[in-house]
Structure formats: structure tokens, C-alpha cells
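Below is one structure; the comments refer to it alone.
Read-outs throughout are calculated quantities, based only on the coordinates presented, and are distinct from any laboratory measurement. These numbers were taken from a predicted model, which means no experiment stands behind them. We place every Cβ from the backbone using ideal geometry, glycine too, and count neighbours over all the protein chains shown.
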Amino acid sequence: MHMLTLSQVSSGDAERDASRLRRLYSRYPTGVAAVCAVRDGQPVGIVATSFTPVSMEPALVSICVQHISTTWPQLSRDGHLGVSVLAEGHADMSRQLAAKNVDRFAGLTWFGSDSSALFLADAAAWLDCKIVSSITAGDHNVVLMEVKSAACDETVSPLIFHDSRFRSMLADDDRT
Ligand SMILES: Cc1cc2nc3c(=O)[nH]c(=O)nc-3n(C[C@H](O)[C@H](O)[C@H](O)COP(=O)(O)O)c2cc1C
């Protein structure tokens, strides 16, 4: 039997530990979700790679939100949020939606809903969600949301985030 050598997550050097943990987490590939709403007539949103489907009955999804987010208090205010699963080709849009001190929605095409959720055009899927609970988990909150209505475009490939880079998906069948 071969033994795998693992290092302690806490070595005592906080900066080094954080950078190693960041690299470790980035090994796990995810999609990219834009979580957006209209507040006081203005579009508001963030990008979250922590988006995860959670439950079928009831339909629940989750995102993890940093405590230091300055956008979240405004974004979560009335509990209704739009989740757009971003598509291949949306890397620049993701960077813009996550940037500080810019108009995150400049040049983007988006749609509002009656519930105040905001959806981005040309995404792979759209979920109209309502926050049902929020659990403190270290430096993030795990936010559970009930999916009230949804749509998807199965012809569109999702954007992938892996090793801190945006990537596109290649189906195993497409490999030569
Ligand atoms: C690829 C990517 C993934 C991100 N995922 C998350 C996430 O899962 N949770 C989160 O709270 N912020 C995440 N962020 C950060 C937010 O999108 C956004 O940049 C941040 O909330 C901006 O700060 P503000 O809330 O103070 O405006 C991510 C950013 C990028 C670029």
C-alpha cells in the first residue's frame, strides 16, 4: 500500500496557509453563477462560483457569501434573487460583474422579473430564487435559496472556473 503525504492546513504561517488553501480549493472545478437583483431601480450583483444545487424537494440551491461583501446587504435586502448560470464566452462578463468601483452592468443585456430578480441574457440557465435561510460558516455565510421558477438553454455550454482560471468545457465524447 502506498501512503499519501498530506500537510497540515494550519502551519502557523497564516499568509502561507491561506494561499495554499486557496490553491487547494481552486482544484475543484465549478460553474460560474451571477447572482443579481434590481434594487432601487438599479441592477446589483455579484459572481459566485460557490453556487451549488442542494435539494430536489423542495427545490433548494445555495451560495456562500463572504462576510466582507459590501454588495450582499443591498443585494439580499428583499430576499428575491436571480441566478444566471454563465455561459462559455462570459469570462469578461464575470470579471466585470465581480469588479470593484465599476459599473458592473455596463454594456450587458439583462432582464428584470416581477420578483425583482435580474437575469443576464445568453446564459445557460436562469433561476428565480428566494432566500430561506443563512448559516454562518467561518468567514462566509451559507445562503439557502428556494427556486421558485427557472428556465434553461440546453444548447449553451456553461463557463467553467478551475485553478483560478475561466475555461470552457469539452465533452469526453469530443476528445480525439
Ligand atoms: C470567479 C469569481 C468567483 C467568486 N465567487 C464568490 C463566491 O462564491 N462568494 C462570494 O461571496 N464572492 C465571490 N466572488 C466575489 C464577488 O463576485 C465580488 O467580487 C465581491 O462580492 C465584490 O465585493 P463587494 O461585495 O464588496 O462589492 C467571486 C469572484 C470571482 C471573480
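The slack in the chain from Ser133 to Ser69, taken as 0.36 nm per residue of separation less the alpha-carbon distance, amounts to 21.3 nm. When a/c is below 1.5 the answer is rounded, else prolate if a/b is larger than b/c, else oblate, so apply that to the stretch 1-101 with a ≥ b ≥ c taken from the square roots of the Cα gyration tensor eigenvalues. In terms of gyration-tensor shape, prolate. The Cα trace of the chain gives Rg and Dmax of 17.6, 62 Å, the first to one decimal, the second as a whole number.
Starting from the Cα gyration tensor of the stretch 67-159, take the square roots of the eigenvalues, sort them a ≥ b ≥ c, and report rounded, prolate or oblate (rounded when a/c is under 1.5, otherwise prolate if a/b is larger than b/c, else oblate).
Oblate, because a/c is 1.5 or more while a/b does not exceed b/c.
Structure remark: mean-square fluctuation, Gaussian network model of the chain, C-alpha springs under 10 Å; the largest value among Ser50, Ser94, Ser19 belongs to Ser19.
Extension gain, Arg95 to Glu57: 0.36 nm times the residue separation minus the Cα-Cα distance gives 10.3 nm. Using a simple spin-label model with pseudo-atoms 7 Å out from Cα toward Cβ, Asp153 and Leu24 lie 3.9 nm apart.
Applied to the stretch 8-15, the Karplus parametrisation 6.51 cos²θ - 1.76 cosθ + 1.60 on θ = phi - 60° returns per-residue 3J(HN,Hα) values of 4, 5, 9, 9, x, 9, 4, 5 Hz, with x for Gly and Pro.
For the stretch 50-111, the equivalent ellipsoid built from the Cα gyration tensor has semi-axes of 22, 17, 12 Å, listed from largest to smallest. Whole Å is fine, so just give me how far the alpha carbon centre of the stretch 102-176 lies from that of the stretch 16-93. Between the Cα centre of the stretch 102-176 and that of the stretch 16-93, the gap is 7 Å. Each residue of the stretch 148-165 was assigned a 3J(HN,Hα) from its phi angle through the Karplus curve 6.51 cos²θ - 1.76 cosθ + 1.60 (θ = phi - 60°); the sequence is 8, 7, 7, 8, 8, 10, 6, 8, 9, 7, x, 7, 10, 10, 7, 6, 6, 10 Hz, with glycine and proline shown as x.
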